[in-house]
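To start, the structure under review is shown below, and the notes come after it.
Derivation of every value follows stated rules applied to the coordinates shown; laboratory data play no part. Because the structure is a prediction, the values reported are computed rather than measured. Here Cβ is always computed from backbone atoms with ideal geometry, including for glycine, and neighbour counts include all displayed protein chains.
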Amino acid sequence: MNGPTRISAVTRPKIGVLLVSALGIFWLAVAFQRSFTLLGDPDLVAKSVGAAYLLIPLICIWALTHELRFGFRAQAMARILEREGGLTVDDLPRSPAGRIDRKAADEHFQQAKAAAEQAPDDWRTWYRLSCAYDTAGDRKRARQALRTAATLHHETTQPA
């Protein structure tokens, strides 16, 4: 018999998203129940709080669906790049502790940035730039670049 099975690095984030989404949906159900209870109260202040409390879950539902759609788009783009052989290979040198060498990450980033500047309408270059930002530790810009890639991908796949 084989040893214990390990959860892959690809599966682990999906499990995290699933758990957080499940907890969020549970919270939304409780919030809706509480808001309807407050809306049924004869006191005007309680009704007002119930109406305001109803808006919070609606905003959360919008944010959750927005982020999940973004994640599915990013995953679809990664599958396309993988089929095409265009995914960035993580072969940068690392320290014994596993940290990526900063100089190598900076060089990789400069290459990805130059490619994105040469082909600003290609979602593939923006996706790879996003990976380079992430490797360099700049998560905010990585998300921005990935959002740009998703927008460009969506524009190129939609019928004219």
By how many degrees, 0 to 90 and rounded to 10, does the Cα axis of helix 123-136 deviate from the longest principal axis of the chain? 90
Farthest toward the dipole's positive end in region 19-94, which of Leu58, Gly85, Gly71, given Cβ charges of +1 (Lys, Arg) and -1 (Asp, Glu) about the Cα centre? Leu58
Of Thr135, Ala114, Thr125, which is farthest towards the positive pole of region 102-157's charge dipole, taken about the Cα centre with +1 and -1 on the beta-carbons of Lys, Arg and Asp, Glu respectively? Thr135
So how tilted is helix 139-157 from the main axis of the chain? Cα-based, degrees 0 to 90, rounded to 10. 90
Dividing the helical contributions, -39500 (n - 2.57) per DSSP H run of n ≥ 4, by the residues of the chain yields a 222 nm value, nearest 500 deg cm²/dmol, of -26500 deg cm²/dmol
Looking at the chain as a GNM with Cα springs under 10 Å, which of Phe109, Phe70, Phe32 has the largest mean-square fluctuation? Phe32
Can you compute log10 of I(q)/I(0) for region 10-160 with the Debye formula, treating each Cα as one identical point scatterer, at q = 0.17 Å⁻¹? -1.00
For the chain, longest principal axis from Cα atoms; helix 44-84 axis from its Cα atoms; angle between them, nearest 10 degrees, is 20
Taking the chain as a Gaussian network, Cα atoms linked when under 10 Å apart, which of Gln110, Gln75, Gln33 shows the biggest mean-square fluctuation? Gln33
When the dipole is taken about the Cα centre of region 2-104, and only Lys, Arg (+1) and Asp, Glu (-1) are charged at their Cβ, what size is it in debye, to the nearest 20? 340
For Arg143, the net charge from surrounding residues (Cβ-Cβ under 15 Å; K, R +1; D, E -1) works out to +4
Could you identify which residue out of Arg94, Arg73, Arg141 has the top mean-square fluctuation in a GNM of the chain using Cα springs shorter than 10 Å? Arg94
Formal net charge of residues neighbouring Val89 (Cβ-Cβ distance under 13 Å; K, R +1; D, E -1): -2
